[in-house]
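The values are calculated or read from the model by the stated rules, or taken from the named source; none is laboratory data. No experiment lies behind these values; they were computed from the predicted model shown. As a convention, Cβ positions derive from the backbone with ideal geometry for all residues, glycine included, and neighbour counts pool all protein chains shown. These accessible areas exclude ligands, DNA and RNA; they are computed on the full protein's heavy atoms, side chains included. Shrake-Rupley method; radii C 1.70, N 1.55, O 1.52, S 1.80 Å.
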Amino acid sequence: MNRVWQQPLPKIYTQLSDAELRLRIESAREALGPKLAILGHHYQQDAVIDFADFTGDSFELSRKAADQKGVEYVVFCGVHFMAESADILTDESVRVILPDLGAGCSMADMASLDQTLECWAQLTEECPDQTIVPVTYMNSSAAIKAFVGEHGGAVCTSSNCRNVLEWALKGGAVEGHVPGRKVKVLFFPDQHLGRNTAYAMGYPLDRMVVWDPRQDLGGNDARGLRDADFVLWKGHCSVHALFRPEHVDDVRRNHPDMKVIVHPECKWEVVQKADMAGSTAYIVKQVEAAPPGSEWAIGTEVHLVNRLRNQHPEQKIVVLSDCQCLCTTMYRIDLPHLCWVLENLVEGNVVNEIKVDAHTRKWATVALERMLAIKGTGNPINKVQPVGTTVD
Ligand code: 13P
Ligand code: SF4
């Protein structure tokens, strides 16, 4: 990962009050007019969301980025992998800016290209008679997306993971795949999204193995590796790891009318106990569609949960866990950084541009466009399948 670290902001931006920052951001936006689009992920703080032209989950924002025609600048209020995808999906002329370069994602950093190449070499050697389709969650570097694109796979997000896995299990776009040949999905980098989705599709847990990049054969024996339908990379989200099954038990005990809805980055044990699981956009839609008096314990990042609580005072909404489930990297995008990048743009200086190199861009585009072409947004709802059932 060749990321440039964030330079300290000029002092003035740290001394301005929120009210002053807001005024300055507003006038910079006016000056930039239609040249600018600001995209904001659901986990951004309210102060930033107030300035977003579009908000959404990572799937919706990737679509929005791809739709940006005629703008010169996309300021992406989210994390690094999202800004990289926006750069890949926008025309060459569009410059994508991440207000704080320190806004990374610990999960995306859990799979490097070198580790991926090593895994691929071992897996293809052990399973020469199988079609291996790599699928990567959006939360990965552009280099991993490019690897996936070059090897007949696709990107997925938490809102279309099931559709992408269904496509992959038919052989994806792997050259030379013939119907009837065993297909294995290599899923990066979130083992939980992979496991939760595959399980909801009817695959029992014993058809999945975890690949630990620090161990030979990923920590598996050759037989287990060959038999598996899913090889799940050993990665996770440190925010969603904070939700535990006991939190769901507490809700059941103390709030019997409360529904538990969680993001599929939560552990399988949590998703199994929850009532529903889906992407951030799915969670927003469920709450918006619920009648007054509904009660929710939500297992996802605290800023989204707090926003939903404020927007729906007619419902009772709590975070599933009482620990601070905060994505500290998303939180790095704040008014001072937003103001700084916008005022630089007004002056004609493009700071914090995210630019993916040409080779990576070529193949990552293939992987992202395959995802956008796969129809449907089947959420991996946790309808529990009896363990032992398999799909045809
Ligand atoms: P969504 O796909 O729901 O936007 O989630 C992205 C993410 O980073 C969740 O941790
Ligand atoms: Fe990454 Fe987790 Fe933050 Fe999402 S919530 S950006 S997966 S660290």
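Some points to look at:
- Subset of segment 1-51 (residues that are assigned to a helix (DSSP H, G or I) and within 16 Å of ligand 2 (Cβ to nearest atom)): 48, 49
- Restricting segment 213-228 to residues that are open to solvent by less than 60 Å² (accessible area, probe 1.4 Å) and in contact (Cβ under 8 Å) with a residue 60 or more places away in the chain leaves a set whose member that is nearest to residue 133 (Cα to Cα) is 225.
- Among the residues of segment 320-371, the ones that are assigned to a loop (DSSP other than H, G, I, E, B) and more than 16 Å from ligand 2 (Cβ to nearest atom) come to 10 in all.
Residue-by-condition table, conditions (1) within 15 Å of ligand 2 (Cβ to nearest atom); (2) in contact with a Gly (Cβ under 9 Å, 6 or more places away or on another chain); (3) open to solvent by less than 60 Å² (accessible area, probe 1.4 Å); (4) at pLDDT 95 or above:
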| residue | (1), (2), (3), (4) |
| --- | --- |
| 53 | no, yes, no, yes |
| 59 | yes, no, yes, no |
| 66 | no, no, yes, no |
| 71 | no, no, yes, yes |
| 89 | no, no, yes, no |
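- Wholly within segment 84-177, strands (runs of 3 or more DSSP E) carrying at least 2 residues that are over 30 Å from residue 73 (Cα atoms) and hydrophobic (A, V, I, L, M, F, W, C): 131-137
- Taking (1) open to solvent by 40 Å² or more (accessible area, probe 1.4 Å); (2) among the aliphatic types (A, V, I, L, M); (3) closer than 24 Å to residue 113 by Cβ in turn, residue 178 satisfies each apart from (3).
- Exactly one residue among 75, 79, 135, 148 is at pLDDT 95 or above, within 13 Å of ligand 1 (Cβ to nearest atom) and open to solvent by less than 10 Å² (accessible area, probe 1.4 Å), and that residue is 79.
- Residue match in segment 127-142 (condition: more than 30 Å from residue 226 (Cβ to Cβ) and away from ligand 2 (no atom under 14 Å from the Cβ)): yes
- Where residue 103 falls short, out of the listed (1) under 22 Å from residue 5 (Cα atoms); (2) open to solvent by 20 Å² or more (accessible area, probe 1.4 Å); (3) over 12 Å from the mean Cα position of the chain (by Cα): (2)
- Where a residue in segment 36-53 is under 14 Å from residue 24 (Cβ atoms) and its partner, wherever it lies, is away from ligand 1 (no atom under 12 Å from the Cβ), with Cβ under 6 Å and at least six apart: 47/335; 51/25; 51/38
- Cβ-Cβ under 6 Å pairs, at least 6 apart or on other chains, segment 159-178 side in contact (Cβ under 8 Å) with a residue 24 or more places away in the chain and within 15 Å of ligand 1 (Cβ to nearest atom), far side open to solvent by 70 Å² or more (accessible area, probe 1.4 Å) and in a loop (DSSP other than H, G, I, E, B): 159/377; 160/377
- Conditions (1) part of a loop (DSSP other than H, G, I, E, B); (2) closer than 20 Å to residue 272 by Cα; (3) open to solvent by 30 Å² or more (accessible area, probe 1.4 Å); number of the one not met by residue 210: (1)
- A search for C-beta distances below 8 Å between a residue of segment 230-257 that is polar (S, T, N, Q) and assigned to a loop (DSSP other than H, G, I, E, B) and any residue that is more than 15 Å from ligand 2 (Cβ to nearest atom) and open to solvent by less than 70 Å² (accessible area, probe 1.4 Å), counting only pairs 6+ apart in sequence or on different chains, returns nothing.
- Among the residues of segment 289-306, the one identified as open to solvent by 20 Å² or more (accessible area, probe 1.4 Å), farther than 21 Å from residue 254 by Cβ and touching a residue at least 40 places away in the same chain (Cβ under 8 Å) is 303.
- Among all residues of segment 264-286, there is none that is assigned to a helix (DSSP H, G or I), within 13 Å of ligand 2 (Cβ to nearest atom), under 21 Å from residue 41 (Cα atoms) and open to solvent by 10 Å² or more (accessible area, probe 1.4 Å).
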